[in-house]
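Trainee: If you scroll down you'll find the structure; I have some questions about it.
Derivation of every value follows stated rules applied to the coordinates shown; laboratory data play no part. On a predicted model such as this, the values are computed, not experimentally measured, just so you know. Counting neighbours? That spans all protein chains shown, and the Cβs are built from the backbone with ideal geometry, glycine included.
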Amino acid sequence: MLSGLLAYGVRILPGLLLIGACYVVARRERDPLLRVMVLILGFVLVRDAMTPLGFWRLGAAGAVPWLRFTDRAGILLLFGLCTLALTAGVLRLDSELRALVRWGRFRPVTLGWGVGGGVLAAAPVLLLSLPTPLAARGGAVAVTLLPVLLVFSLAGNLAEEVLFRGFLQGRLEQHASAGRAAVLSALLFAACHVFLASTVTDVGWPLPAFTLYEGLICAFLRLRDGVIAAALAHGLAIFLLAGALV
């Protein structure tokens, strides 16, 4: 496990140093949009570099995408905790970005919308994948890994939602209608999966198509009930897809 994490760190370190330098320079700009895009670029680097080192696998059974994460619970927990720490650090240190995030209220209706959105996002992929044997779409997942996978999915996708639905959508709403900001947020979210689909892996168009669909659900959940609902929906959808429950 340690050798894999070291290899991962060595792989992403040069890019993170450059992205960190960009962020420091961009903090002098009055408009926070540049910092938002720099942070999104950093997230894409960290996420996509997980693929060649086997921390996750993506594929497509025909036109239906599938994904599986490593079966090493310690790695999943470490990634989840580090992601939460980095997200909290950015929110604490950058008050301008923090002010862009509309969290919404943590209440039963918000949880209901989040769970419903997660099921809605995952359902088409799960239903279309039923005719394909489980072995051809990533294989089974140990039941004992599912609680850790749920924690990882919620933590990692909270960070992604803070970036796209908190920072980006919040900033876009300052200069566009709420609906247009939501659509732009979803489109940019899908666009940030293009390299993952076409160069990092060979999944192809099913991945951008799914992420656009998922992104629209999360963007309009954010519009209705805030980032909490969007993050819950995103995390739950990824858990349902990666958990091989169907």
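Trainee: Given the peptides 26-32, 143-149, 158-164, arrange them by the average over their residues of other C-beta atoms within 10 Å, most packed first.
Mentor: The packing order, highest mean first, is 158-164, 143-149, 26-32.
Trainee: If you don't mind, there's one more thing I want to ask. For Trp66, which sequence-distant residues (separation of 5 or more, or a different chain) have an amide H within less than 5 Å of its own amide H, given hydrogens modelled in the peptide plane?
Mentor: Gly59, Ala60, Ala61
Trainee: Enter the mean projected area of the convex hull around the alpha-carbon atoms of region 15-141, in nm², rounded to one decimal.
Mentor: Taking a quarter of the hull surface, the average projection is 10.4 nm².
Trainee: Also, I was wondering about something else. Once you compute Rg and the Kirkwood Rh from C-alpha atoms, what is the Rg to Rh ratio for region 108-147?
Mentor: Result: Rg/Rh = 1.11.
Trainee: Also, I was wondering about something else. Could you work out the local net charge near Ile19, counting Lys and Arg as +1, Asp and Glu as -1, over the other residues with Cβ closer than 15 Å to its Cβ?
Mentor: That sum, taken over residues with Cβ under 15 Å, equals +2.
Trainee: While we're looking at this one, here's another question. Which FRET efficiency value, to the nearest 0.05, do you get for Leu78 and Val143 by plugging their Cβ-Cβ distance into 1/(1 + (r/R0)^6) with R0 = 25 Å?
Mentor: It comes out at approximately 0.75.
Trainee: Now, a different point. In region 120-246, with Lys and Arg counted as +1 and Asp and Glu as -1 at Cβ, which of these residues, Leu221, Ala122, Ala135, has the Cα nearest the positive end of the dipole, that is, farthest along it?
Mentor: The residue sitting most towards the positive pole is Leu221.
Trainee: Could you compute the FRET efficiency for Leu134 and Leu86, with r as their C-beta to C-beta distance and R0 at 35 Å, rounded to 0.05?
Mentor: Once rounded, the FRET efficiency stands at 0.55.
Trainee: What are the trypsin sites (Lys or Arg not before Pro) within region 162-246 that DSSP puts in a loop, where the Cβ has at most 13 other Cβ atoms within 10 Å?
Mentor: Taking region 162-246 and a limit of 13 other Cβ atoms within 10 Å, no loop trypsin sites (Lys or Arg not before Pro) are found.
Trainee: Per residue and in cubic angstrom, what volume does the convex hull of the Cα atoms of the chain have?
Mentor: 118 Å³
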